[in-house]
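A.B. asks: I have a structure I would like to understand better, so I am pasting it below and will then ask my questions one at a time.
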Amino acid sequence: MKLIFKGVVQGVGFRPTIYRIAKKLGLKGYVLNKGSEVEVVIDNKKDEFIKQVKDNLPSIARITEITVKKDERTFDDFKILHSKNGERQSLIPIDVGICNDCLKELFNEKDKRYFFPFTNCTLCGARYSVVKDVPYDRERTSMDEFKLCKECLREYKDPLNRRYHAQTISCSKCGPKYNLYDKNKKDLGEKDSIKRFAEKIDAGKIGVIKSWGGMHLCCNLSQIYRFRNWYGRPQKAFALMVKDIKSVKNYAEITKDEENLLLSKSRPIVLVKKICCEEVSPGLNTIGLFLPYTGLHHLLFSYLKSDSLVMTSSNIPGEAMITTDEEAFSIDADIYLLHNRSIPNRVDDSVVRMWKDNTFFIRRSRGYVPEPIAVSYKKRILSVGAGENITGAISVNKNVYATQYIGNSKYYSTLGFLEDSLNYLLKLTMVKPKINAVVQDLHPGYDSRIVAKKFSEGFSVPLFEVQHHWAHAVSLLVDRNIEESVVLTLDGLGYGSDGTFWGGEILASNFEEFDRVGHLEYIPLLGGDQATRDPRRLVFAVFKKFRIEKFFSGNEAAILGKLMDKSPKSSSLGRVLDTLSCYLNICTKRTYDGEPAMKLEKYLSIGKSKYSFDCEVKKGVVGTIDLFRQLDEKIKNKSLNEKEKADYVYSFVKTILNNLTDIAIEHADNIGINNVGLTGGVSYNIPIVEMIEKQVKKAGLKLIVHNNVPNGDGGISIGQNAIIGHKLDS
């Protein structure tokens, strides 16, 4: 009989496991990779064989489907056959941090891979970032130019060895190498390159490290102010790579779940509660930490004097991460540690945050892509996401595959990255790429629409538009596998179906339609996008309604006053939070996306509901502008200490959320739904999530939050995909 195994079954030690079990049971037949599935023929003991496979599944393998067919051929033995092309409906595995067995070899003086930074086996190492095509064999990876030495080839061919058909294995004799370079591109050689790089970092130099899916900029923690000035990021948080889990506790308070996530095979950057290093994440109560995930990282820390390293993706903010040596040299760092293996797929570090047992993906990338998400429709949809922090997505065979984190679509390099990543997914998931439709955001100004149009015309298929916040809401439905919810969609800005900019919405949503049952009061965005970059304009617009001038006077105030009735309007909660942050002098200048609102979380986390505000609600519209007048009267130019400021912030925000959540709860009750959903960029703010959850639970309903699809705009492409997939499947 013939068994077809589908799922994550390539490059993860699946075939050797099949081989060992078949031999143990005395079976005859074969196993082979076929496209992106594994085909097995055995002569008997089917049920026992399948049970043994499931019980002994390699740690990063995953079976999604087993198909059984008749096959009456006879064989003399059980063999592993060479790969063949076949149906493409599952993908290569994720990039996985170095396993404990390989780590032991890395520091074992008697092992041939002692201090070899590219050490890996079938259970660990680079995968998605190095693969060019499927079936997943060495000749289709960036390791194809490195011919295996005799010892590595012996391991590769031995079915009982843990490196059997580990496509990226090598050693110091036959594998890639790291060389050190100075800022003038001078090659300083391979010998002790990692040790010498560590010495330069200890001495205060700014370095570039070439890793699996791109480049990292790094420096010693003591150099962070110089680093910020050099990199032009005065306030935005950086991640810290920390030597080990014991060292993590020098920088942050972590829960057991956060510890498990830090130690997981995916090795994401985890946002946790910081206890020091204000300079790493100014004005925030969290810090992004991650642990070493490559052999190089472990070797580097074995030489470094410090137990941490400032580490960030090497790119212009918003643009695609660099992958080539020439691009790296253009950065003008002090020192470079570069290897000679090419990078077919750039993949950023994933960034996550935990709330209870839920994982909020801020950036879903390395360690998680290309794992698919199950959907119920069969249509092949290509979706391009929104404007910033975007991903693309493709659906095929009742699975949706999102690309890795792409970035800001207003940059030319990022648009190219989006197009390339979607083409790559098409190649990996379909023998002959064919799609039924393309989806884009409703916003006419998003550059991602250029890519959407190109795919639509290239495949001669319809191009659909989907409203931004409906896509947010549906991404949540897909994430939690539910059919409908009344969803609080709270974020910065999204183009509304009425031509205004939404962001503080209550949408009764399913896959076919949505009903906007409530939203925040509109605030003028003086100068459009300029108001999002300069929160003082938001404060001015709010108080101008009461003939009070804040932050601007004279000619500037006169000019802004004339824009009041001409500027676009926004119901965004993110903009309200920006306004509050600026008014209280928490953040009056935005240096990165979301900064003013994000810096409120520290105050929300320690504030109490101490002050009362009268919030007017008319026909589902929650008033916000008059709340600022009330706040101004309460403060009356008083000089507030941090705790008083926190109490005002908490009381103000809670008033708005209470009223929004009340509308959502009432509507859910009216239409017989037992849950309220929460999505959008604001839902990364844990105190806000907890305020909403408390109220929803009190009403006897359940709060639905994200766990696998990004809360923010990184999840938009999945929502877009599902909406049009259902539309065309009905």
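A.B. asks: With the requirement that a residue be closer than 20 Å to LYS23 by Cα and of a type in the set (S, T, N, Q), what does the stretch 52-72 give you?
C.D. replies: GLN52, ASN56
A.B. asks: Across the stretch 551-582, what is the number of residues that are of a type outside the set (A, V, I, L, M, F, W, C) and touching a Pro at 6+ places or on another chain (Cβ under 7 Å)?
C.D. replies: 5
A.B. asks: So which residues in the stretch 572-620 are surrounded by fewer than 20 Cβ atoms within 10 Å (Cβ to Cβ) and either touching a His at 6+ places or on another chain (Cβ under 7 Å) or on the phi > 0 side of the Ramachandran plot (or both)?
C.D. replies: ASN585, LYS619, GLY620 - these are the residues of the stretch 572-620 that are surrounded by fewer than 20 Cβ atoms within 10 Å (Cβ to Cβ) and either touching a His at 6+ places or on another chain (Cβ under 7 Å) or on the phi > 0 side of the Ramachandran plot (or both).
A.B. asks: Here is a further query. Quick check on the stretch 155-171. Is at least one of its residues in a helix (DSSP H, G or I) and not hydroxyl-bearing (Ser, Thr, Tyr)?
C.D. replies: Within the stretch 155-171, one or more residues are in a helix (DSSP H, G or I) and not hydroxyl-bearing (Ser, Thr, Tyr).
A.B. asks: Given LEU604, LEU580, which one is of a type in the set (A, V, I, L, M) and over 21 Å from GLY494 (Cα atoms)?
C.D. replies: From the options LEU604, LEU580, the qualifying one is LEU604.
A.B. asks: Checking the conditions here, which among GLY715, GLY677 is within 17 Å of VAL486 (Cα to Cα) and surrounded by 24 or more Cβ atoms within 10 Å (Cβ to Cβ)?
C.D. replies: It is GLY677.
A.B. asks: Quick one: which of SER475, SER497 is more than 20 Å from ASN659 (Cβ to Cβ), hydroxyl-bearing (Ser, Thr, Tyr) and either in contact with a Pro (Cβ under 7 Å, 6 or more places away or on another chain) or assigned to a helix (DSSP H, G or I) (or both)?
C.D. replies: None of the other options fit; the residue is SER475.
A.B. asks: Another question, if that's okay. Can you pull out every residue in the stretch 117-128 that is in a loop (DSSP other than H, G, I, E, B) and crowded, with 23+ Cβ neighbours inside 10 Å?
C.D. replies: Within the stretch 117-128, PRO117, PHE118, THR119, ASN120, THR122, LEU123, CYS124, ALA126, ARG127, TYR128 meet the criteria.
A.B. asks: Does ILE523 satisfy the condition of being β-branched (Val, Ile, Thr), closer than 15 Å to GLY620 by Cα, surrounded by 23 or more Cβ atoms within 10 Å (Cβ to Cβ) and in the same structural domain as VAL576 (by TED's automatic domain parsing)?
C.D. replies: no
A.B. asks: So GLU465 passes all but one of these: (1) assigned to a strand (DSSP E or B); (2) outside the structural domain of VAL400 (by TED's automatic domain parsing); (3) not aromatic (Phe, Trp, Tyr). Which condition number does it fail?
C.D. replies: (2)
A.B. asks: Kindly list the number of the only condition in (1) more than 28 Å from SER456 (Cβ to Cβ); (2) of a type in the set (Asp, Glu); (3) surrounded by fewer than 23 Cβ atoms within 10 Å (Cβ to Cβ) that fails for GLU319.
C.D. replies: The single condition GLU319 does not satisfy is (1).
A.B. asks: If you don't mind, there's one more thing I want to ask. Taking ARG226 as meeting all but one of (1) outside the structural domain of ASP348 (by TED's automatic domain parsing); (2) over 23 Å from CYS102 (Cα atoms), write down the number of the exception.
C.D. replies: For ARG226, the failing item is (1).
A.B. asks: Moving to a separate point now. Give the stretch 616-644 a look and list any residue that's of a type outside the set (A, V, I, L, M) and touching a Phe, Trp or Tyr at 6+ places or on another chain (Cβ under 8 Å), or say none.
C.D. replies: Correct list: PHE628, ARG629, GLN630, ASP632, LYS634, GLU642.
A.B. asks: Cβ-Cβ distance below 6 Å, separation of 6 or more or different chains: which pairs start in the stretch 306-328 with a residue that is more than 30 Å from LYS246 (Cα to Cα) and end on one that is among the basic types (Lys, Arg) and outside any helix (DSSP H, G or I)?
C.D. replies: Between residues of the stretch 306-328 that are more than 30 Å from LYS246 (Cα to Cα) and residues that are among the basic types (Lys, Arg) and outside any helix (DSSP H, G or I), the close pairs are MET321/ARG346; THR323/ARG346.
A.B. asks: Given the criterion assigned to a loop (DSSP other than H, G, I, E, B), closer than 30 Å to ILE692 by Cα and either in contact (Cβ under 8 Å) with a residue 60 or more places away in the chain or in contact with a Pro (Cβ under 6 Å, 6 or more places away or on another chain) (or both), identify the matching residue among ILE548, ILE586.
C.D. replies: ILE586
A.B. asks: Out of all the residues in the stretch 402-435, which are hydroxyl-bearing (Ser, Thr, Tyr) and not in a helix (DSSP H, G or I)?
C.D. replies: The answer is THR403, TYR405, SER409, TYR411.
A.B. asks: Right, next: So, LYS356, is that one surrounded by fewer than 21 Cβ atoms within 10 Å (Cβ to Cβ) and modelled with pLDDT of 95 or more or not?
C.D. replies: So LYS356 fits the description; yes.
A.B. asks: What's the number of the condition TYR303 fails, among (1) over 13 Å from MET354 (Cβ atoms); (2) surrounded by 17 or more Cβ atoms within 10 Å (Cβ to Cβ)?
C.D. replies: (2)
A.B. asks: Report, ordered by the first and then the second residue, all pairs with beta carbons closer than 7 Å, sequence separation of six or more or different chains, a first member in the stretch 623-643 that is part of a helix (DSSP H, G or I), and a second member that is exposed (fewer than 14 other Cβ atoms within 10 Å of the Cβ).
C.D. replies: Sorted first by the residue in the stretch 623-643, then by its partner, the pairs are ASP626/GLU616; ARG629/PHE546; GLN630/ASP614.
A.B. asks: Just to verify a result, which residue in the stretch 334-364, among those that are of a type in the set (A, V, I, L, M, F, W, C) and in contact with a Pro (Cβ under 6 Å, 6 or more places away or on another chain), is nearest to VAL705 (Cα to Cα)?
C.D. replies: PHE361
A.B. asks: Scanning for something surrounded by 17 or more Cβ atoms within 10 Å (Cβ to Cβ), of a type in the set (Val, Ile, Thr) and more than 35 Å from the chain's Cα centre (by Cα), does the stretch 48-64 turn up at least one residue?
C.D. replies: No: zero hits.
A.B. asks: Something else about it: Check ILE625, ILE718, ILE665, ILE724 and return the single one that is of a type outside the set (S, T, N, Q), touching a helix residue (DSSP H, G or I) at 6+ places or on another chain (Cβ under 7 Å) and under 30 Å from ASN408 (Cα atoms).
C.D. replies: Exactly one of ILE625, ILE718, ILE665, ILE724 is of a type outside the set (S, T, N, Q), touching a helix residue (DSSP H, G or I) at 6+ places or on another chain (Cβ under 7 Å) and under 30 Å from ASN408 (Cα atoms), namely ILE718.
A.B. asks: Scan the stretch 31-44 and give yes if some residue there is among the charged types (D, E, K, R), closer than 23 Å to VAL131 by Cα, modelled with pLDDT of 90 or more and crowded, with 18+ Cβ neighbours inside 10 Å, otherwise no.
C.D. replies: Checking the stretch 31-44: at least one residue is among the charged types (D, E, K, R), closer than 23 Å to VAL131 by Cα, modelled with pLDDT of 90 or more and crowded, with 18+ Cβ neighbours inside 10 Å.
A.B. asks: Would you confirm, using the coordinates I've provided, whether ILE559 is assigned to a helix (DSSP H, G or I) and outside the structural domain of GLN720 (by TED's automatic domain parsing)?
C.D. replies: When the stated conditions are applied, ILE559 passes them.
The values are calculated or read from the model by the stated rules, or taken from the named source; none is laboratory data. This structure is a prediction, so every number in the text was calculated from the model and none was measured. A quick note on method: Cβ atoms are made from the backbone with ideal geometry, for glycine too, and the neighbour counts reach across all protein chains shown.
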